[in-house]
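In what follows, a structure is listed as structure tokens, so that the remarks can point back to it.
The values are calculated or read from the model by the stated rules, or taken from the named source; none is laboratory data. Quantities reported herein were computed from a predicted structural model and do not represent experimental measurements. Glycine gets a Cβ as well: all are built from the backbone with ideal geometry, and neighbour counts include every protein chain shown.
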Amino acid sequence: MNLRGYDPAGAPLDPAEVIRQFLQALGVPAHLLPPDLDAQIGLYRSVLAGKRTLIVLDKRPRRAAGAPVAARLRRAAWSS
């Protein structure tokens, strides 16, 4: 996912937006998304439970957008 860290036309993606986009890409309808970030991360874990998945976060801004989400995910590897 392009986090738009170096996009001159817009702001970097917010961590909450990142997880919402992943959930929707995984087939979770928008109307079923929990309102808060912790609940969304819990749902993300549930949807991917037992599956091997590679998630690539590209163009991370210096303020480390995405790091708050990655830090809460089990078995997340983070590389700069």
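Quick notes
- Residue match in region 57-65 (condition: at pLDDT below 80, on the phi < 0 side of the Ramachandran plot, surrounded by 15 or more Cβ atoms within 10 Å (Cβ to Cβ) and of a type in the set (A, V, I, L, M)): yes
- Pair list, Cβ under 8 Å, 6 or more apart: region 8-34 residue modelled with pLDDT of 85 or more, other residue among the acidic types (Asp, Glu): none
- Exclusive hit being surrounded by 12 or more Cβ atoms within 10 Å (Cβ to Cβ) and either hydroxyl-bearing (Ser, Thr, Tyr) or under 22 Å from residue 58 (Cβ atoms) (or both), set 37, 43, 33: 37
- Residues that are of a type in the set (Asp, Glu) and within 10 Å of the chain's Cα centre (by Cα) within region 10-42 comprise 14, 17, listed in sequence order.
- Within region 10-30, the residues that satisfy the criterion of being of a type in the set (Gly, Ala, Ser) and either surrounded by 10 or more Cβ atoms within 10 Å (Cβ to Cβ) or over 16 Å from residue 59 (Cβ atoms) (or both) are 11, 16, 25, 27, 30.
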